[in-house]
1. Looking only at segment 115-153, how many residues end up being hydroxyl-bearing (Ser, Thr, Tyr), under 18 Å from Arg23 (Cα atoms) and touching a helix residue (DSSP H, G or I) at 6+ places or on another chain (Cβ under 6 Å)?
2. Quick one: is Tyr48 touching a Lys or Arg at 6+ places or on another chain (Cβ under 9 Å) and at pLDDT 95 or above?
3. Looking at (1) part of a helix (DSSP H, G or I); (2) polar (S, T, N, Q); (3) within 14 Å of the chain's Cα centre (by Cα), find the lone condition where Thr121 falls short.
4. Going by the conditions given, is Val108 surrounded by 16 or more Cβ atoms within 10 Å (Cβ to Cβ), touching a Leu at 6+ places or on another chain (Cβ under 8 Å) and of a type in the set (Val, Ile, Thr)?
5. Going by the conditions given, is Ala86 assigned to a strand (DSSP E or B), under 16 Å from the mean Cα position of the chain (by Cα) and either loosely packed, with under 14 Cβ neighbours inside 10 Å or touching a residue at least 24 places away in the same chain (Cβ under 8 Å) (or both)?
6. Being outside any helix (DSSP H, G or I), over 24 Å from Leu31 (Cβ atoms) and either basic (Lys, Arg) or at pLDDT below 95 (or both) is the filter here; which residues of segment 140-175 pass it?
7. Could you give me the residue pairs with C-beta distances under 6 Å whose first residue belongs to segment 30-54 and is part of a loop (DSSP other than H, G, I, E, B), whose second residue is modelled with pLDDT under 95 wherever it lies, and which are 6+ apart or on separate chains?
Amino acid sequence: MTCKTSTPISASPKVTKGSKGRRIIGIDPGLASTGWGILDCAGGKLRYVAHGSIETKAGRPQAERLFSIMKSIRSLVDTYQPAQAAIETLYFGRNVSSAIPVAEARGVVFAALAERGLTITEFRPNAIKQGVTGVASAGKKQVQEMVRIILGLPEIPKPDHAADALGAAICAAHS
């Protein structure tokens, strides 16, 4: 398991003292790659904190991969101390069998978040697209570019799952 992290704009893991803001962690769950993103929301403004992905290696036992995801989510919550979580709901698409490992990853993410006492909000993929771009049928590149613009980032967050996680956090901030 590797936890890839972007270089945070803010080195502070907590919301600035004196602010009445809240910190949100967005998560795009997957067995191979779970994207995550952290935002602060205060005074109607969003501030990017950090993003990254939790990668697990194919070929490793399923239980080991799921446990690695759960440990990484716990660590992220302990480090950044969000008050709220936003997670993308399961999307079946055409391949239902690939949805099963994603559902299992979602389960360990939910368990880790609940264990740390976070409020969890779920968003359908189309709701995230709508919330970020204004168009429910927006393409992946459109969503990524709007996440970049909304958060004032110099480039699109990588990997894709991290950009999706930031999109979920943006939606939670506006809910």
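1. Qualifying residue count, segment 115-153: 1.
2. no
3. In the conditions (1) part of a helix (DSSP H, G or I); (2) polar (S, T, N, Q); (3) within 14 Å of the chain's Cα centre (by Cα), Thr121 misses (1) alone.
4. Answer is yes for this residue.
5. Spelling it out, Ala86 is indeed assigned to a strand (DSSP E or B), under 16 Å from the mean Cα position of the chain (by Cα) and either loosely packed, with under 14 Cβ neighbours inside 10 Å or touching a residue at least 24 places away in the same chain (Cβ under 8 Å) (or both).
6. His174, Ser175
7. From residues that are part of a loop (DSSP other than H, G, I, E, B), the pairs are Gly30/Val102; Leu31/Pro101.
The values are calculated or read from the model by the stated rules, or taken from the named source; none is laboratory data. What you see is a predicted model, and the numbers here were worked out from it, not measured in a lab. Quick reminder, even Gly has a Cβ in these numbers, built from the backbone with ideal geometry, and neighbours come from all protein chains shown.
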